[in-house]
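To start, the structure under review is shown below, and the notes come after it.
The values are calculated or read from the model by the stated rules, or taken from the named source; none is laboratory data. As the structure is a prediction and not an experimental result, all values here were calculated from the model. Note: accessible area is taken over every heavy atom of the protein model, side chains too, but ligands, DNA and RNA are not part of it. Shrake-Rupley method; radii C 1.70, N 1.55, O 1.52, S 1.80 Å.
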Amino acid sequence: MTWAEMQPLLEQGTLDTLYMVLWATVVTVLGGLPLGILLVLTDKGGLLQNLPVNKVVGAIVNIGRSLPFIILLIALIPFTTLVVGTFIGPTAMIVPLAIGAIPFFARLVETSVREVDHGLVEAVQAMGGGIPTIVRKVLLPQALPSLVSGVTTTVIVLIGYSAMAGAVGGEGLGSKAVTYGYQRFDTTFMLVTVVVLVLIVTVVQLIGDGVVRLLARRGRTA
């Protein structure tokens, strides 16, 4: 396959991959952030200590994290069809991508929030601050650099997931690699697809690291 033939395929595959990963990341953050905070708040010694709730939520998160994505992808076909109307295409793939990544991101959020100095929490409590205030004014701002790092890691995981989703009709670079590389024995196209994926991951990591460093500098000068 010539470069002129590869270019439109790679461009469309890249756009589909970015589309899937972007919206899946948004849904993942919206779902995983409160879930991770809930795990911290309901744990032993937490502000909303409730061990039964914590164990149930923790078990759900652990089960979600332990399922191989390709199996989850297939198992969610009926649910994806119910939500989107189809299980094929980049929009449909957002559903399993987000559901697969939410438990992963929730654990990263839990780890980040646990690192916040408990003395700051106690200080806000002493001033009469309630739980919403503590979460908004202490936990999230203090954990922000670590949370951004977690988002970066999650985006990279989603890029890998999106490549796997291409094997079952998800479009994106994974689909192009399978259809035009693997099935047609075009090693060159396969290698070019891998290079594009590596470049996307590298750019995401650089942007994430840059934001974390910027936030860390602001935190030191604040």
Study note, to complete from the structure: Rounded to the nearest 10 Å², the 1.4 Å probe accessible area of Arg65 is 120
**Study point:** Mean separation of Cα contacts under 8 Å (6+ apart) over length of region 108-192, as relative contact order %
**Key:** 19
Point to revise | Net lengthening on full extension, Ile70/Gln49 (0.36 nm per residue, minus Cα-Cα) | key: 4.0 nm
**Study point:** Cα centroid of region 35-68 to Cα centroid of region 81-160, whole Å
**Key:** 13
Exercise for review: Could you state the orientation-averaged shadow area of the convex hull built on the Cα atoms of the chain, in nm² to one decimal?
Suggested key: 14.1
Review point. Top mean-square fluctuation among Gly46, Gly128, Gly172, Gaussian network model of the chain, C-alpha springs under 10 Å?
Key: Gly128
Check your understanding: Which lysines have a Cα lying under 25 Å from the Cα of Lys55, excluding residues fewer than 8 positions away in the same chain?
Key -> Lys44
**Study point:** Heavy atoms of Arg136: accessible area, 1.4 Å probe, square angstrom to 10
**Key:** 140
Revision key, fill the gap. Any aspartates and glutamates whose Cα falls less than 12 Å from that of Lys176, other than same-chain ones fewer than 8 residues away, would be Glu11, Asp16, Asp186
**Study point:** region 3-217: relative contact order as a whole-number percent, Cα under 8 Å and 6+ apart
**Key:** 27
Point to revise | With Cα atoms, 0 to 90° folded angle of helix 140-165 axis to the chain main axis | key: 20
Review point. In the chain, what percent of the accessible surface is made up of carbon and sulfur (1.4 Å probe, ligands and nucleic acids excluded)?
Key: 69
**Study point:** Accessible area (Å², 1.4 Å probe, nearest 10) - Asp209
**Key:** 60
Review point. In what sequence, largest accessible area first, do Glu115, Glu122 appear using a 1.4 Å probe?
Key: Glu115, Glu122
